[in-house]
Amino acid sequence: MSLDGSYSEEEWLICLLARQLRDHEVIAVGNNSPIPAAASLLARALHARHAEVYILGQPDWPFEGTKEFFDWMQQGAVDVFFLSGAQIDRSGNINLHVIGDYEAPKVRLPGGAGSAVVYFMCKRILLFKTDHTRKGFPEMLDFVTSVANSGPDVFRRGRLEGVFTPLGILVPREEDRVLRLTAVAPGITASEIQARTGFDLGIERDDYPELESPTSLELRTLRRVVAKELQPIYPEFAKQWNHYA
């Protein structure tokens with residue numbers, strides 16, 4: 001239960017992502033990613049105190065630009081990276097390029113920003129989306145920016161751990177790497193998640209494990225400790241917690 005009995009979807013997703021991170025891991029966060037940045041700092045403050053956290057945009061960023069950072073990543077130095085997509089399909093492939101036809105798109109997106117390399121080179125990939133809709137989880141992508149799986153003859157360190165949304169967690173099935181529902185957010189049913197997903201999740205029951213709500217400790221740490229650390233990197237995002245200072 002939270003300090004005031006409530007929490008936002010953003011706070012829920014931050015806590016959910018933070019719980020996936022482990023002590024002693026090297027965790028990297030890319031551009032325009034305040035939710036993973038907050039999750040990384042929250043994990044380090046609570047249960048992953050020896051984790052190394054690198055957030056693009058932090059005042060003490062130790063790399064000369066992004067090229068040095070990606071060179072370092074390709075050497076296998078990063079354990080965890082967060083990715084998202086305008087669209088995510090049943091295999092965890094992502095689209096960050098266009099919605100609609102590539103030559104005449106309905107929406108042209110910012111592009112991959114290194115995600116194709118990241119998906120292959122980082123050991124654990126956590127996909128996340130701040131919403132969960134059929135458009136965001138279609139049967140087929142309009143454009144494939146980066147793929148979640150490769151053949152045995154392709155060198156790849158990266159492995160998709162799961163997809164994390166305000167509704168729950170989707171994890172790739174071991175035998176075919178197809179996403180399946182494994183847990184639901186508090187107050188959410190499996191049938192509701194299926195109705196808001198554009199591909200079949202193979203749901204055969206409605207009693208999936210319910211994830212724990214953010215605890216008072218998680219929310220207090222996020223709103224008071226992490227918010228201060230996040231302020232120099234994402235000042236607008238951190239403003240939401242100003243009244244807890």
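The values are calculated or read from the model by the stated rules, or taken from the named source; none is laboratory data. Computed from a predicted model, the values in this text were never measured in an experiment. Cβ atoms come from the backbone with ideal geometry, glycine included; neighbour counts cover every protein chain shown. Heavy atoms of the whole protein, side chains included, go into the accessibility calculation; ligands, DNA and RNA do not. Shrake-Rupley method; radii C 1.70, N 1.55, O 1.52, S 1.80 Å.
When the chymotrypsin sites (Phe, Trp or Tyr not before Pro) in segment 88-122 are filtered for DSSP coil states and for at most 15 other beta-carbon atoms within 10 Å of their beta-carbon, the remaining sites are Y102. A Förster radius of 45 Å combined with the Cβ-Cβ distance from R205 to F237 puts the calculated FRET efficiency at roughly 0.75.
Looking at segment 182-223, the GluC sites (Glu not before Pro) that sit in a DSSP loop and have at most 16 other Cβ atoms within 10 Å of their own Cβ are E204, E212. Of the chymotrypsin sites (Phe, Trp or Tyr not before Pro) in segment 132-215, the ones in a loop by DSSP (not H, G, I, E or B) with at most 11 other beta carbons within 10 Å are F155. Beyond 30 Å in Cα-Cα separation lie the following of the pairs K67/K129; K129/K239; K123/K239; K106/K129: K123/K239. Segment 90-222 has equivalent-ellipsoid semi-axes of 26, 18, 17 Å, by the square roots of 5 times the alpha carbon gyration tensor eigenvalues, sorted largest first. Note that the chain presents 48 Å² accessible area per residue, ligands and nucleic acids not counted, probe 1.4 Å. Which residue, I188, H243, P138, has the largest displacement toward the positive end of the dipole of segment 125-245 when charges sit on each Cβ (Lys, Arg +1; Asp, Glu -1)? Value: H243. Dipole size of the chain about its Cα centre, with +1 on Lys/Arg Cβ and -1 on Asp/Glu Cβ: approximately 320 debye, rounded to the nearest 20. Taking trypsin sites (Lys or Arg not before Pro) as exposed when their DSSP state is a loop state and no more than 10 other Cβ atoms lie within 10 Å, the longest site-free interval of the chain runs over 50-204. Taking all protein chains as shown and a probe of 1.4 angstrom, T182 keeps an accessible surface of around 60 Å².
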